[in-house]
Amino acid sequence: MKPFSILLLVTLIWSCKPAQKTVTVNLPPVNVEKLQNQKIAEHPVYRASNDRLSDILHMELRVSFDWDKKYLYGESTLSIKPYFYPQNTLYLNARGMEIKEVSLIQGLKKQQLKFDYKNDSLIISLDKTYKNDETYKIFIDYVARPDELKNVGGSAAISSDKGLYFINADGSDPKKPKQIWTQGETQSNSVWFPTIDSPNERMTQELYITVDTSYVTLSNGLLVSSVINSKEGTRTDYWKQDLPHAPYLVMMAIGNYTVIRDKWRNISVDYFVEPEYAPYARAIFGNTPEMIEFFSTKVGVDFPWAKYAQVVVRDYVSGAMENTTATVHGEFLQTDARSLLDGNSESVISHELFHQWFGDLVTCESWSNVPLNEAFATYGEYLWDEYKYGRDYADYELNQSLQSYKNQPRAPLKDLIRFNYEDPEDMFDVVTYQKGARILHMLRNLVGDDAFFKSLKLYLTQNRFQPVEAHNLRLAFEEVTGKDLNWFFNQWFFNHGHPELIISYEWNEESQIQKVIVKQVQDTGKYILYRLPFTIEIYTAEGKMRYPVELNSLVGEFSFPCSSKPYLVNVDADKYLLCEKTDKKDNFEWIALYKHGPLYMDRLEALQKISKNIKAATPQAAALISALNDKFWQLRVLAIKSCGPLAQDGATRQQVKTILLNLAEKDEQANVRAAAINMLNKNYEYLELKSLLERSVHDSSYNVIETSIMAIGDKDSDHACLLASDFQTSANKYLRVIAFNILSMYGNDSNNNFMIQTYDDLSGFERYQGLLNYGKFLTRCKPLTIETGLPTIFEVAQKGRTWWIRLSAYQVLNELSKSCEKRAAENTSDTALDGKFTSLKEYIEKRTKEMQETETNKELRRMWGLD
């Protein structure tokens, strides 16, 4: 018990507030000589907030471009004052630039200043020592050269830190528009303008963008003017952001866009999309004004900015970015109306919008505190889903996020707020996003809805346009609730891991007492002992009783008097706890939980237990069959995927088939229709399903169409290829992709040209799965076809824009190598063919090794054991 006692003591000390009393301690004199001779222990890494020496108040920036060189020509005028202490030197971040001039502006005159530019830092010697009540202006003439940076980094979340991106700058790719866009987080905007590139800096800005008249521009704030220049064919757009924000939130996007205009109250809400997607812009983004109204009302703080725009860019280095007043989205968001039947991107849209409050209005003071941005934005997804689509859907999405955290083996070893990261990009992970959102969910349950949202309003109001740390959030909650919440924040914000619980039950018939035993079994050598408030609900013939309890020890025993034996005990009835749990209910109790539990998570946990080792003619089977018609579509999908044994058993085979046929044709959710078709195909005769499958090929949903043709292909691959051939020449990109996926399973060498052409048309995340499918296709092809396809895969392995795209190429090469080895062994009677496959295998392995040795991405090199 000693380790637990020590741990609890440490936790209690950490939670204590200092007493209002000064204590004088008399220490012995220090032996300096002895201290100097000792080897001083190395301090652990601590990523402190950046010191604030100078404060940029305002930036006026004028930019133009050389597309051929991929250069930005910039003239920046910065209004600056010392933050507190007097300063005679100004330190700015400026990565990879050519600095042509640095001057002090004095009225209409400029005085050139001495500067030193090295290691991406611009160090300017000022003309005098300035006090913090004195403001001065610095002019900088420079050239930004993002494609000539020597050290380009990136992470799993943001694949590059070049800051400024020229897309298809020479126009050589007819399938891709020419664009320029920026990505500032974490510290990349200093690639295209000199600044103090720190999240605790704040400034207003004016941005003058000179471009060809054919282009549309977007930046922060409002478009004040757009002037045609005397230089033929150019225009200068003047954008003004008059409320302060962090430098990493400055943005610019340039391209051939159609702008769809919308409004929230009297504020412009605009959608910048490529012209071919203009007809679908409202289907994609159209709920944005309603989201703004909902979030404004929910947090009690109106949308704080002058406008809100969203723009879609090509070859984006992340998913999306919440730049102040102007969010950038990756191209995956551009789609047609039919694709939206299979799922929309509102989680991304709501996430980035909620950042306008949490991240932009109030911003983390350091990257250690970035969960104050990202956990809130992720929880914003939940709030929108809960409001718009109901709690079942919101809980489903939140649980998916939680599983992402739990599926990362190293994630439980990381604190939410952590000061020991290696690189700021490392903070953008499942702990910051997914776990952070779940912690906010628990905090909401702990204090109650009214207090939760009043606390958020206070937090936003008190810290408006200010940098914050986690304690600012805690203090806001304590001020509203009157509770000391140090224990909660120390446990969840400043610690790591989560509890592992074993829940068991004992009923005493004689005393009519229901006992619930909850044990914490996590490794207490790695993780703390948790304090866990939760609710237990007891269901008896007389009704439901609800009891709030708290577990604050290794084992908690909770006893409840009951007039009869409960048929269900529901621990953590609100399903808020972030934990792993083993719940020792019996089958009848799980069935009762499915029938009577009001929440999605109740029914999900019950179905997961009921469906294990399922047999016909049992109460579990009856419960699973009833779940095929659950009110929530995702649980219908789960029930469909679990009913295979019942579809095989004669006692339930026909009943299940009847339900699945009905779901396949009539369910309003495309994912349910597709799941039902897939299960029917696995368990029933093709001839019985042929007419259904033929009809489903004409479904409104792309997912259902592809699932139906794949099902046909399982029994009649020639017919599947014939159906796919109808899509190969379609003007509809999504139908061509379906043909690509079908042929990856059932096509032959004659389809190779179509496969390569279609892969070249894919973009963004599609290219990952597309390359895997093309590799699958090649494993069935002749040596000559494989040789023809290898250059495409080699090019992706070497030049793929993101590390995970390059990883997919290496996965394909590995599978092709194994396939060639296997086919060489299978063709021993044909020595010529055997030799070709063997040569291909050796060639693939040699080229793979050569490319891996020149790979610079640390994630990939770590995977291959090269670093």
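Looking only at the range 608-619, how many residues end up being surrounded by fewer than 22 Cβ atoms within 10 Å (Cβ to Cβ) and outside any loop (DSSP other than H, G, I, E, B)?
Here the count works out to 3.
Mind listing just one residue for me: the one in the range 379-407 that is farther than 22 Å from Phe632 by Cα and in contact with a helix residue (DSSP H, G or I) (Cβ under 9 Å, 6 or more places away or on another chain) and, of those, most open to solvent (accessible area, probe 1.4 Å)?
Out of the qualifying residues, it is Lys406.
Residues Leu460, Leu473, Leu443: which one is outside any strand (DSSP E or B), open to solvent by less than 20 Å² (accessible area, probe 1.4 Å) and closer than 30 Å to Phe560 by Cα?
Sole residue among the options that is outside any strand (DSSP E or B), open to solvent by less than 20 Å² (accessible area, probe 1.4 Å) and closer than 30 Å to Phe560 by Cα: Leu443.
Assess whether Asn508 counts as being closer than 17 Å to Ile439 by Cα and either in contact with a His (Cβ under 7 Å, 6 or more places away or on another chain) or surrounded by fewer than 20 Cβ atoms within 10 Å (Cβ to Cβ) (or both).
In short, no.
Can you find a residue in the range 186-206 that is free of Cβ contacts under 8 Å to residues at least 40 places away in the same chain, open to solvent by less than 30 Å² (accessible area, probe 1.4 Å) and over 24 Å from Asp426 (Cα atoms)?
no
Modelled with pLDDT of 95 or more, within 30 Å of Asp55 (Cβ to Cβ) and of a type outside the set (D, E, K, R), is that true of Ala476?
yes
Could you check the range 511-528 and list, in sequence order, the residues that are open to solvent by less than 40 Å² (accessible area, probe 1.4 Å) and either of a type in the set (Phe, Trp, Tyr) or touching a strand residue (DSSP E or B) at 6+ places or on another chain (Cβ under 6 Å) (or both)?
If the condition is that a residue be open to solvent by less than 40 Å² (accessible area, probe 1.4 Å) and either of a type in the set (Phe, Trp, Tyr) or touching a strand residue (DSSP E or B) at 6+ places or on another chain (Cβ under 6 Å) (or both), then Gln514, Val516, Ile517, Val518, Gln522, Tyr527 are the ones that fit.
Collect the residues in the range 181-227 that are over 28 Å from the mean Cα position of the chain (by Cα) and among the acidic types (Asp, Glu), keeping them in residue-number order.
Within the range 181-227, Glu206, Asp212 meet the criteria.
For the range 119-137, give me the residue count where each residue is exposed (fewer than 12 other Cβ atoms within 10 Å of the Cβ) and either under 16 Å from Glu75 (Cα atoms) or at pLDDT below 95 (or both).
Residues in the range 119-137 being exposed (fewer than 12 other Cβ atoms within 10 Å of the Cβ) and either under 16 Å from Glu75 (Cα atoms) or at pLDDT below 95 (or both): 1 in total.
For the structure I just gave you, tell me whether Ser366 is at pLDDT 95 or above, within 18 Å of the chain's Cα centre (by Cα), polar (S, T, N, Q) and under 26 Å from Arg464 (Cβ atoms).
no
Residues are listed down the side, and each one gets a yes or a no for (1) touching a helix residue (DSSP H, G or I) at 6+ places or on another chain (Cβ under 9 Å); (2) touching a residue at least 12 places away in the same chain (Cβ under 8 Å); (3) not β-branched (Val, Ile, Thr):
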| site | (1), (2), (3) |
| --- | --- |
| Tyr734 | yes, yes, yes |
| Ala739 | yes, yes, yes |
| Met745 | yes, yes, yes |
| Asn751 | yes, yes, yes |
| Thr779 | yes, yes, no |
| Lys782 | yes, yes, yes |
| Thr802 | yes, yes, no |
| Val812 | yes, yes, no |
| Ala825 | yes, no, yes |
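Looking only at the range 160-180, which residues are within 20 Å of the chain's Cα centre (by Cα), crowded, with 22+ Cβ neighbours inside 10 Å and either among the small types (Gly, Ala, Ser) or part of a strand (DSSP E or B) (or both)?
Passing the criteria: only Gly163.
Contact list please: Cβ distance under 8 Å, first residue in the range 679-698 and of a type outside the set (Phe, Trp, Tyr), second residue open to solvent by 80 Å² or more (accessible area, probe 1.4 Å), pairs at least six apart or on different chains.
Close Cβ pairs (under 8 Å, with a partner that is open to solvent by 80 Å² or more (accessible area, probe 1.4 Å)) amount to Met679/Lys641; Asn681/Asp714; Asn683/Gln648; Leu692/Glu665; Arg695/Glu665; Ser696/Glu665.
Can you name every residue in the range 746-799 that is on the phi < 0 side of the Ramachandran plot and small (Gly, Ala, Ser)?
Gly747, Ser750, Ser763, Gly770, Gly775, Gly789, Ala797 - these are the residues of the range 746-799 that are on the phi < 0 side of the Ramachandran plot and small (Gly, Ala, Ser).
Can you go through Ile260, Ile292, Ile254 and tell me which one is touching a residue at least 24 places away in the same chain (Cβ under 8 Å), of a type in the set (A, V, I, L, M) and open to solvent by 10 Å² or more (accessible area, probe 1.4 Å)?
One residue alone meets the criteria, Ile260.
Working only within the range 546-590, note down all residues that are in a loop (DSSP other than H, G, I, E, B), open to solvent by less than 70 Å² (accessible area, probe 1.4 Å) and acidic (Asp, Glu).
Answer for the range 546-590, where residues must be in a loop (DSSP other than H, G, I, E, B), open to solvent by less than 70 Å² (accessible area, probe 1.4 Å) and acidic (Asp, Glu): Asp572, Asp574.
If you go through the range 699-731 one residue at a time, how many are open to solvent by less than 40 Å² (accessible area, probe 1.4 Å) and not in a helix (DSSP H, G or I)?
Final tally of qualifying residues: 3.
Condition first: acidic (Asp, Glu) and open to solvent by less than 70 Å² (accessible area, probe 1.4 Å). Now tell me which residues in the range 745-792 satisfy that.
Correct list: Asp749, Asp761, Glu766.
Okay, residues lined up against (1) more than 20 Å from Tyr83 (Cα to Cα); (2) among the aliphatic types (A, V, I, L, M); (3) free of Cβ contacts under 8 Å to residues at least 60 places away in the same chain:
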residue: Leu104; (1), (2), (3): no, yes, yes
residue: Leu122; (1), (2), (3): no, yes, no
residue: Ser125; (1), (2), (3): no, no, yes
residue: Pro146; (1), (2), (3): yes, no, no
residue: Asn151; (1), (2), (3): yes, no, yes
residue: Ala157; (1), (2), (3): yes, yes, no
residue: Asp161; (1), (2), (3): yes, no, no
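Asn629: without any contact (Cβ under 8 Å) to a residue 60 or more places away in the chain, closer than 20 Å to His719 by Cα, of a type outside the set (Phe, Trp, Tyr) and in contact with a Lys or Arg (Cβ under 9 Å, 6 or more places away or on another chain), yes or no?
No.
Considering only residues of the range 251-306 that are hydrophobic (A, V, I, L, M, F, W, C) and in a loop (DSSP other than H, G, I, E, B), which is farthest from Asn189 (Cα to Cα)?
So the residue we want is Val301.
If only one of Leu628, Leu599 is under 29 Å from Trp492 (Cβ atoms), out of contact with any Gly (no Cβ under 9 Å at 6 or more places or on another chain) and open to solvent by less than 40 Å² (accessible area, probe 1.4 Å), which one is it?
Being under 29 Å from Trp492 (Cβ atoms), out of contact with any Gly (no Cβ under 9 Å at 6 or more places or on another chain) and open to solvent by less than 40 Å² (accessible area, probe 1.4 Å) holds for just one of Leu628, Leu599, which is Leu599.
The values are calculated or read from the model by the stated rules, or taken from the named source; none is laboratory data. In this text the structure is predicted, and so the values were computed from the model without any measurement. Cβ atoms come from the backbone with ideal geometry, glycine included; neighbour counts cover every protein chain shown. Just so you know, the surface numbers come from the protein's heavy atoms only, side chains and all, with ligands and any DNA or RNA stripped out. Shrake-Rupley method; radii C 1.70, N 1.55, O 1.52, S 1.80 Å.
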